[in-house]
Each structure stands twice: as structure tokens, then as C-alpha cells.
Amino acid sequence: MNGHSTQKTKSLFQRLSQTIVPTHYDLTIQPNLDTFKFNGYVNIHLKIKEPAGSIVLYAADLEVDNAKVKSTANDEQLGKIEFDKESERITVNFDKKLETGDYELAFKFAGEINNRMIGFYRNKYTTPDGSETRYGASTQFEPADCRRAFPCWDEPNFKATFDITLITPKNLCAISNMPVKSENEYVNDKEWKITAFDRTPIMSTYLVAFIVGEYDYVETKDSNDVSMKVYTLVGKKEHGKFALDTAAKVLPFYADYFNIKYPIAKADQIAISDFPSGAMENWGLITYHETALLIDPKFSSVASRQRVANVVAHELSHQWFGNLVTMDWWTDLWLNEGFAKWIQFLAVDKFYPEFDIWTQFVADIYAGFLIPDAFKSSHPIEVPIGHPAEIDEIFDVISYSKGSSVIRMLHDYIGDDAFRNGLHNYLMEYSYKNTITENLWLHLTKASNKPVNEVMSSWTRQMGYPLLTVTEEQTDKNRVIKIKQQRFIADGSVDEEKLQWKIPITVFTKSNPKQIAQQVLMDDPEITIKLDNISENDWIKLNYNAIGLYRVKYESQTLARLNEPIVKKTISPQDRLMIQNDLAALCNSGHQSFVDYLKFLPSYTDEDNFTHQISKLGWEAKPNEDPLSTMLRPMILGIVGKSGDQDLINEAKKRFERHIAGDLIDENIRGAVYVIVSHYGDESTHEALRKLYVAADMAEEKARLLRSMGHSIKPEMIENTLKFIFEGNNVRMQDSIVGLATCTTSHEGRDIVWKFLQKNWKMLVERFGEKSRFLIRFVEYGLSDFADEQTASEIKSFFDTMNTAIVVRPIKKVLETIHMRSEVLKRDSKAIEGYLKQP
Ligand SMILES: [Zn+2]
């Protein structure tokens, strides 16, 4: 589809009429994993609220026939089905008008178990001994692919209950949202069984799930007696234990935090071999990419454990926020995801304090959105969505990361008690229903007596965030601080729209670095704050723990004073990190010279915090080492190794050779060793890495190897890596992006990837589908690292001719990033050179 037709869909798209509403589905599905076909039967209970001659609902990639409608008085009539492929809907026309009342509408249907990871699709795996390739099938319906599995009202606010029945070969597991109600031999074929599941709660179609395949599991019960299983491929159930253990702690934590019982009897989780994202929160049956759920007790790294804990905590929170209470339309998806992304950190921090996860929030999530949100091509987190296909275009790092940062700021602004009370009341009022963002603000306003709606809309409905310019003046024992707000724009230009925010501001000082000295809501372009009893040379700092969404520009003396709390580490890692992060952004935008940044950097020479990446840790883990050091070590090894330290390189090569011979490298540094040997390695090294990849049976190990291959400094090795990824069957579609992204870590690699994307763009669009979010990732990860206008204009003209609608916005972002870098080089490179050369 080109840009023009997207426009057309946008204006024409209309949601289904609310005059005919489904209340219950009886659904039976029979998959055939030899032919990749499935048959089904669905009987939908309806309320018809206005007399109608036809019924419209969704169905896509399905053959649908035998439409029959029956009234409560047992009046039966057959309907004629009209298909509209473009809108993915069917219209069932009836000769006799249907009067208002209750009806049952039944269909037979059939479809293909596809290989595109949407709807009801196939999962490829090998038997435990590796000898045989087999297939299972699973579902992925969010946002709008339930319609590919059965005809339905496939919009989030048509909630209903579901009785699901699966007819499968006897030897396979049949799993769905709810516990098994009955399992019997299938009368038509003794080799098959028929599994019926309990009725679901009232829920949206995008949360329905059913899975067929060979699985093992581990199980437990949480402290509220909810039954929990983690399913893995056969022979790997031990790999499910860490996630199970985490889930058994986190689920009751949420039940307590929301003060609402988890509403169904089981909470299962399953790793799916072919999976398009990290995880999907289907109610009672959460599906995961293998790397987001499975931990090998012997061979998984600490970083993988942290990732699994994070994803599990994220998905479980959706069981309330998203599943029990659901957005009315996809426009409010940002709130769903922003909330889950925030509360996952709350939960992980509670059960794994050793990860110091909030510092990582600031480094990855908060600092992560500040960069793209400063571009002119950014967008507000709250954007009206028409057609669900627009979701992937708009919901990017800005929506999710800014969304969660906004929630974190709000939680801090109104306090935990008011936040929990308001949240509980909101979830209670809208349980089993749909709602909009304003209703949450309303409950939080009531609970806190603060103007939540006003404050929040300035953050969710405008793009960008403010730069606060701070000046100060000392008189006797008092300090007068003047603060001015204006939008921060990445290239330093002036905001012509003159956007303004309502900003919760905190100030703290040297006399009590662990406590906020003053807290105000800034709702003017300029404010003045007065601090009493402060000594003349005491430092002051804004934005305690980097909770407010703003950058700060201090006068040079104010900034110079902050050297002290950084060196002495009297302020938090978050604060230390963001002082230099803000300064770097101000240099990138031309507000300050990079020489200022270089002059300030010595404040950080003593840093040992993980996120500051400077330390000497050696090769071996110390006994009882903290996990942050364990995660820091491979980063440092990788950096030092790639910078050419010959002793370190030799040691890595030795370890790699021993590894191939069977003396395995410690899992926490293995990735770094792979990167170093890949960086300097020849064809035989790369052949060895590829062999390890093919032989590896854990997704985590495969990901580690794939991430290393692109790090080569030899162009032909990078080309071979791309061939390995995209030609042949070795790398699953969903993992190709990981491999491509690491090919861009060198100059040569960047050029090769750019050439590759030009040559293969049409193939990628074909393979992934023109609406696939993978296309967004290919351009963002593949092209953002250039710093010259020449390449920028090549990229622009290439994608102008390609006309791929879904990457129009991402390409703008890529171009702005390149432009910003090229401007910095023009402006500051001479001065930086001069500074670095001075004795
Ligand atoms: Zn989510």
C-alpha cells in the first residue's frame, strides 16, 4: 500500500455499529498440522438493538459459510455472506428482517495456519534429540488479527464471554485462556481428542488465545491459590522455573497493589518458538518469545534473568490494566503500555532490589525517549488512531517510554497512597468494561485533590518536553532561583508554537542531598523560587532523581558546583547520569559547546555505577558478586577488546578456542568474547560462530551469537553475516533484526547495511508484509548512525521512490538524527580537536 491509499483508509475507516452486540461465543477449532489447515465452527450470541436486515462483522483470510441465525423463539433463517476483502469484514444478509431481541448467529469456517506470526499461525521446532522438525500452532491477535482465526466483532470494546473447544491429535497439548473443563476421545477419530475449556470472563477478542503442540511444564500455586504453569518445549521444563518463581511472587503483589483479586483460576505462561515480539498478555495464557521467558539455570546470564523478570512483571500487570479494564479504542493504547512499563519496574524493584532497576529505568527508558522526542518530527503520546494498522506507525519508543515516564512523574506528583486509591477505584468502576484515559485522571484527581487532568494533558497531548533555564542569585542567607521554560528542540532552534507545560519541579541542595528542599508546580513561562538558609557556595540541583520530564541548563558556575556531589556521590546515580546527559544534549543542540562537556567529564572519573560503564572488573566473577558488576563486566570487556587491547584480545581468542573444544565460557562474559573474536576474526572464526549458532538449542545463546557476528571490521564478514541472516533457514524471521542492527556498529558496516537495505527493500516488504513494524526497525536500527548530509539525502530520495507508508515517519526521524550529528561536527569539531590537543 502506498501513502495515498493509507490516507484513504484513514478517512473511510469506521468502527462497527453498536446496534448489534455479541455477548458470548461458542467456538470450536480443529487444526491439522500436516496440511496447515484448520476448520472451525462458531455460534455467537447477539443482542440486536434495532431491527436489521443484515449483520456486519470481521473475518479475514477465512472461508466462511453456512451462516444461520436463530431467534430465542427458534425462528431460523439462512443468511447470504458478502465478503469485503479490503475492510476485512463480512456482511450477512437476511431475507426476513431481524427484529430487536436476542439471537444466535452461527458459521462454519476454514483457514490456513499461516507462517506470518499473526492470527492462528505455525511454530516450528525440533524434537529434543534434534533429529526431526515439527510444527505446533498458536495465536497472536493484538491488535486486529483475531478475525484471521474466526469471524468476530474484532474491536476491543465488543467484550463477550468465550467457550472454547479444541479438537486435536491425542498426543498434543491443547491449551487456552481458561482451565480445562473436560477432555474426551473424539468420536470421529480415536487418535484425536476433544478438549473443552471453562468459560472466560467478559473480555475483548484480542485477548483470546489457543495453542496446540508438544510441551512440558513446571507448575505451582501463588499465595492466593491461583494455579500457575510455565510451558516449554519438551525436555526444557527446568528453563521455566525462574519465570514461574517470579510470576508466583509478582501476581499476588499486583492483587495487593490494585486491591483486586486476580479474576481467573489460572495464570499460565508459555514460550513460543516463532514469536513476533517480546510477549503478549492473553488473559490466563501469556505467550512469550523464548528469550523473554526461559532461563537455563546453568547457562543463562544475569542480564537474561533481569530481562525475564521485567517482561513477566510487565505482562502480569496487564491482567488487570488492559485485560480486566480495557481501552475503548487503540487511541488509549499508550496508557495501557505506559502504565505496564512503569509498574513492571515497581514489581522488579520489590523482588530483585539487587538490579537497582530504577537507575536502569532512567538510563534506558527516560533518557531513551528524551532524544527522539526533541525532534521536530516527534508526536504527542496521545494521538487519535483510526484504523488499527496505524498503531505500529505511531506507537514507538516515544509512546511507550514517554508514556511510562509520564506515569512515573504523576505517581511521584500525587504520592503512592493517592495513586493506589485512585487506581483501585478506576479499576473497580470499569472492571469487565472499556474506558478512556480521562476516567483514570478523574479518579486520580478525586483521590489526590490535585489538578491531574490539566497537568497530564500538557504532557500527553503535546509533543516534546521543556528545557528549563536556571539562573540564581545569592543575597545573605537566601538564594533566588529564576526558572524559564521553553520547548527543547534537538537542533537548538526556537519553538515557534511556544508550547508550555505544567511541570512538577523539585529543587534540592547540598545541605540535604537526600531530601527535596522545594516542590512547585510550574504553570507559567517563568517562575522564581526562593530558598532560605543556604550558604553562599552550596550547590543546588533541579529534578531530584530525574523524575520530571525536562532538561536543565544551568549557568556555568551553578554547573561547576555540581562537580562536588558527583565526585563524592552524595547524589543518586540517576542524578549523576542525567547531569551529563542533559549537558551532552545541550551540546548536540548548540546551546553549549562540546568543549564544556569535555571539561566537565573529569567529574566522573571515579564512577563505578553500572550505567556509567567505567571500571576494572577483570574476567572472573567474584564470589557473591552483585549482579550489576556481573552485567558491567561484559560491557567493559567488549569496549576495551574492540579498542585494540592486545592482551585482552589474545585472552578472548584462547577462551573461544577452549569453548569450541567443549570447555564452555562463563555465560555472563560469553557474549563479550564472541564480540571480540568476531571483531578481529577471519572467515574460519565466523564459520565457527555460525556453526555454534546452528547447533545452539537455546534462543538466548542464538541471540548472543547473532549479536556478535556483525561486529567484524572486515567488510566481507559483514556481508556474509547478512547472507547468513536473510538467505537460508537458519535465522528465524523475528530474530533477523537483532543481527542486522549489530552490523551497523562500524563505518564499513553502516555502508554495507545501507546498500543491503536498498538492494533488498522490496524483498523485505514482501517477506514481512507492508504493514509490518519490522520494517520500522530495519530503517531505525539500520540507518540512524550516519553523520553526513550526503547519505541523508540518498536515504531520503531512495525512500521517496519506495513509497512504503509505514516508514515515512521513521525515515523523518532518521534524517533528523543524521542532521543533528552533522551539525555538531560542523560546529564543534575544530574546538574539540583543539581542546584534546592541548597539553
Ligand atoms: Zn504491554
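The values are calculated or read from the model by the stated rules, or taken from the named source; none is laboratory data. Fair warning: this is a prediction, and the values are worked out from it, not measured in the lab. Cβ atoms come from the backbone with ideal geometry, glycine included; neighbour counts cover every protein chain shown.
If only one of TYR231, TYR288 is in a strand (DSSP E or B), within 19 Å of the chain's Cα centre (by Cα) and crowded, with 18+ Cβ neighbours inside 10 Å, which one is it? Before the answer, list the steps.
Working: TYR231 fails: within 19 Å of the chain's Cα centre (by Cα).
Sole residue among the options that is in a strand (DSSP E or B), within 19 Å of the chain's Cα centre (by Cα) and crowded, with 18+ Cβ neighbours inside 10 Å: TYR288.
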So, first residue at pLDDT below 90 in the range 722-742, second residue assigned to a loop (DSSP other than H, G, I, E, B) and among the aromatic types (Phe, Trp, Tyr), Cβ within less than 9 Å, six or more apart or across chains; the pairs are GLN734/PHE275
Within the range 279-308, residues within 16 Å of the ligand (Cβ to nearest atom) and of a type in the set (S, T, N, Q) come out as ASN282, THR287
With respect to THR200, is the statement that it is in contact with a strand residue (DSSP E or B) (Cβ under 6 Å, 6 or more places away or on another chain), of a type outside the set (A, V, I, L, M) and under 29 Å from TRP153 (Cα atoms) true? yes
(request) Determine if the range 372-384 includes at least one residue that is assigned to a helix (DSSP H, G or I), modelled with pLDDT of 95 or more and within 13 Å of the ligand (Cβ to nearest atom). (result) no
For GLN269, the lone unmet condition from (1) within 16 Å of GLU238 (Cα to Cα); (2) assigned to a loop (DSSP other than H, G, I, E, B); (3) within 16 Å of the ligand (Cβ to nearest atom) is (2)
Screening HIS314, HIS318 for residues that are within 27 Å of LEU705 (Cα to Cα), within 17 Å of the chain's Cα centre (by Cα) and within 15 Å of the ligand (Cβ to nearest atom) leaves only HIS314
Residues in the range 372-389: is at least one under 27 Å from ILE505 (Cα atoms), without any contact (Cβ under 8 Å) to a residue 60 or more places away in the chain and in contact with a Gly (Cβ under 9 Å, 6 or more places away or on another chain)?
no
If we keep only residues of the range 657-695 that are touching a residue at least 12 places away in the same chain (Cβ under 8 Å) and over 34 Å from the mean Cα position of the chain (by Cα), then the residue farthest from LYS723 (Cα to Cα) is ILE660
Screening PRO263, PRO276 for residues that are within 14 Å of the ligand (Cβ to nearest atom), part of a loop (DSSP other than H, G, I, E, B), in contact with a Ser or Thr (Cβ under 9 Å, 6 or more places away or on another chain) and not small (Gly, Ala, Ser) leaves only PRO276
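Which helices (runs of 4 or more DSSP H) sit wholly inside the range 725-823 and have at least 3 residues that are of a type in the set (S, T, N, Q) and over 25 Å from HIS711 (Cα atoms)?
Working: elements: 736-742, 747-768, 773-783, 789-802.
The qualifying helices (runs of 4 or more DSSP H) are 789-802.
So how many residues does the range 322-341 have that are in a helix (DSSP H, G or I) and within 17 Å of ASP154 (Cβ to Cβ)? Steps first, please.
Of the residues in the range 322-341, the ones in a helix (DSSP H, G or I) are 330-341.
Narrowing further to those that are within 17 Å of ASP154 (Cβ to Cβ): 330-331, 333.
Result for the range 322-341: 3.
For the range 334-352, check the following and say yes or no: at least one residue is over 30 Å from TYR430 (Cα atoms) and either in the same structural domain as ILE398 (by TED's automatic domain parsing) or away from the ligand (no atom under 13 Å from the Cβ) (or both).
Yes - at least one qualifying residue is present in the range 334-352.
A quick yes/no check of all residues on (1) out of contact with any Leu (no Cβ under 9 Å at 6 or more places or on another chain); (2) closer than 30 Å to ARG576 by Cα:
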| residue | (1), (2) |
| --- | --- |
| ALA621 | yes, yes |
| ASP626 | yes, yes |
| ILE649 | yes, no |
| ILE665 | yes, no |
| GLY671 | no, yes |
| VAL675 | no, yes |
| GLY681 | no, no |
| SER684 | yes, no |
| LEU689 | no, no |
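Quick check: anything in the range 241-253 of a type in the set (Asp, Glu), crowded, with 17+ Cβ neighbours inside 10 Å, more than 16 Å from the ligand (Cβ to nearest atom) and closer than 21 Å to GLY322 by Cβ?
From the range 241-253, those of a type in the set (Asp, Glu) are 245; that's our starting set.
Filter once more, keeping what is crowded, with 17+ Cβ neighbours inside 10 Å: 245.
Right, trim to more than 16 Å from the ligand (Cβ to nearest atom) and you get 245.
Next, from what is left, pick out any that are closer than 21 Å to GLY322 by Cβ: none.
Looking for residues that are of a type in the set (Asp, Glu), crowded, with 17+ Cβ neighbours inside 10 Å, more than 16 Å from the ligand (Cβ to nearest atom) and closer than 21 Å to GLY322 by Cβ, one finds none in the range 241-253, hence no.
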Flagged in the range 464-474 as acidic (Asp, Glu) and either in contact with a helix residue (DSSP H, G or I) (Cβ under 9 Å, 6 or more places away or on another chain) or under 19 Å from GLU496 (Cα atoms) (or both), in numbering order, are GLU472
If you check PHE768 against the conditions, is it of a type outside the set (A, V, I, L, M), closer than 22 Å to ILE398 by Cα and buried (at least 16 other Cβ atoms within 10 Å of the Cβ)? no
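Okay, residues lined up against (1) in contact with a Pro (Cβ under 9 Å, 6 or more places away or on another chain); (2) among the charged types (D, E, K, R); (3) not assigned by TED's automatic domain parsing to the domain that holds TRP283:
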site	(1), (2), (3)
ALA160	yes, no, yes
ILE167	yes, no, yes
LYS170	no, yes, yes
LYS181	no, yes, yes
VAL187	no, no, yes
GLU191	yes, yes, yes
VAL208	no, no, yes
Flagged pairs (Cβ under 7 angstrom, 6 or more apart or on separate chains; first in the range 327-345, farther than 17 Å from ILE365 by Cβ; second assigned to a helix (DSSP H, G or I) and within 12 Å of the ligand (Cβ to nearest atom)) are MET327/LEU333; MET327/LEU335; MET327/ASN336
Listed by first then second residue, the pairs whose first member lies in the range 295-320 and is in contact (Cβ under 8 Å) with a residue 12 or more places away in the chain and of a type in the set (A, V, I, L, M), whose partner is away from the ligand (no atom under 15 Å from the Cβ) and part of a loop (DSSP other than H, G, I, E, B), with beta carbons under 9 Å and at least 6 positions apart or on separate chains, are VAL308/LEU294; VAL308/ILE295; VAL308/SER300; ALA309/TYR352; LEU316/TYR262; LEU316/ALA267
Subset of the range 63-84, residues crowded, with 16+ Cβ neighbours inside 10 Å and within 22 Å of LYS159 (Cβ to Cβ), comes to VAL69
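Find the residue count for the range 321-333, including only residues that are of a type in the set (Phe, Trp, Tyr) and within 11 Å of the ligand (Cβ to nearest atom).
In the first step, residues of the range 321-333 are kept if they are of a type in the set (Phe, Trp, Tyr); the result is 321, 329-330.
Then keep just the ones that are within 11 Å of the ligand (Cβ to nearest atom); that gives 321.
Residues in the range 321-333 being of a type in the set (Phe, Trp, Tyr) and within 11 Å of the ligand (Cβ to nearest atom): 1 in total.
Does TRP358 satisfy the criteria of being more than 16 Å from the ligand (Cβ to nearest atom) and either of a type outside the set (A, V, I, L, M) or part of a helix (DSSP H, G or I) (or both)?
Details: more than 16 Å from the ligand (Cβ to nearest atom): yes; either of a type outside the set (A, V, I, L, M) or part of a helix (DSSP H, G or I) (or both): yes.
It is true that TRP358 is more than 16 Å from the ligand (Cβ to nearest atom) and either of a type outside the set (A, V, I, L, M) or part of a helix (DSSP H, G or I) (or both).
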Of SER176, SER204, the only residue that is out of contact with any Lys or Arg (no Cβ under 9 Å at 6 or more places or on another chain) and small (Gly, Ala, Ser) is SER176
Of the residues in the range 400-441, those that are out of contact with any strand residue (DSSP E or B) (no Cβ under 9 Å at 6 or more places or on another chain) and of a type in the set (D, E, K, R) come to LYS402, ARG408, ASP416, ASP417, ARG420, GLU438
